[in-house]
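Asker: This is the structure, below, for whatever I ask next.
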Amino acid sequence: MADATLSRGTGRRKTAIARVRLLAGTGTILVNSRPVDQYFVCEQDRKKVREPLVAAGALDKFDVNASVEGGGPTGQAGAIELGIARALKLHNPVYEPSLRGGHLLTRDSRMKERKKYGKRGARRSVQFSKR
C-alpha cells in the first residue's frame, strides 16, 4: 500500500528532534503512535503542538503523525510545532504568511550552555570564602 503522506517536516528544539508527516484527514495528532493528549501531560505542550494548525486554519483538514526523540516534553513539543509548520508550508505555500506571522517557522536556537571548568555550572562559581 502506498504512503498517503502529503508532506514531511523536521523540527528541532534544544536536544529534541521531531520528524512530522502530514496526512489528509480529520485532525488526529499522533506522537510516537500515541494521541497527543495522552503523550503530553501539560496543557501548554498540547496547545503548542496544535498552534501551527490553528494559525493556518487547518486543524480539521490534516492528520499529523510525529516521531520525536531526545529532550524533554517542552523541547519535544517545540520540535513538533516547527515540524508541523514546515510541513504545512511545504504542502501549501499559502499558509506561510500566517505561520511566519506567528513566528512558527523560526527555529528557536537557544541551547543549554556548556559547563566551564573551575565553575559549578555554566556560570555559577564556587562559594567565596574570606578565611
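Read-outs: derived from the displayed coordinates by stated rules, not from any lab. Because the structure is a prediction, the values reported are computed rather than measured. Don't worry about glycine lacking a Cβ; one is built from the backbone with ideal geometry, like all the others, and counts go over all protein chains shown.
Conditions (1) within 22 Å of Asp63 (Cα to Cα); (2) out of contact with any Pro (no Cβ under 9 Å at 6 or more places or on another chain); (3) surrounded by 14 or more Cβ atoms within 10 Å (Cβ to Cβ), marked per residue:
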residue	(1), (2), (3)
Gly78	yes, yes, yes
Ile84	yes, no, yes
Leu90	yes, yes, yes
Glu96	yes, yes, yes
Glu113	no, yes, no
Gly121	no, yes, no
Arg124	no, yes, no
Arg131	no, yes, no
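Asker: Does region 63-76 hold any residues that are farther than 21 Å from His91 by Cα and surrounded by 23 or more Cβ atoms within 10 Å (Cβ to Cβ), and which are they?
Answerer: From region 63-76, those farther than 21 Å from His91 by Cα are 69-76; that's our starting set.
The one that is farther than 21 Å from His91 by Cα and surrounded by 23 or more Cβ atoms within 10 Å (Cβ to Cβ): Gln76.
Asker: Among the candidates Gly101, Gly72, which residue alone is touching a residue at least 12 places away in the same chain (Cβ under 8 Å), over 30 Å from Ser125 (Cα atoms) and not aromatic (Phe, Trp, Tyr)?
Answerer: Going through Gly101, Gly72 in turn, just one is touching a residue at least 12 places away in the same chain (Cβ under 8 Å), over 30 Å from Ser125 (Cα atoms) and not aromatic (Phe, Trp, Tyr): Gly101.
Asker: Please go through region 12-43 and pick out each residue that is touching a residue at least 24 places away in the same chain (Cβ under 8 Å) and closer than 13 Å to Thr74 by Cβ.
Answerer: Those that are touching a residue at least 24 places away in the same chain (Cβ under 8 Å) and closer than 13 Å to Thr74 by Cβ: Arg13, Lys14, Thr15, Ala16, Ala18, Phe40, Val41, Cys42.
Asker: Still on this model: Could you tell me how many of the residues in region 54-101 are over 22 Å from Lys14 (Cα atoms) and either touching a Lys or Arg at 6+ places or on another chain (Cβ under 8 Å) or of a type in the set (Val, Ile, Thr) (or both)?
Answerer: Result for region 54-101: 6.
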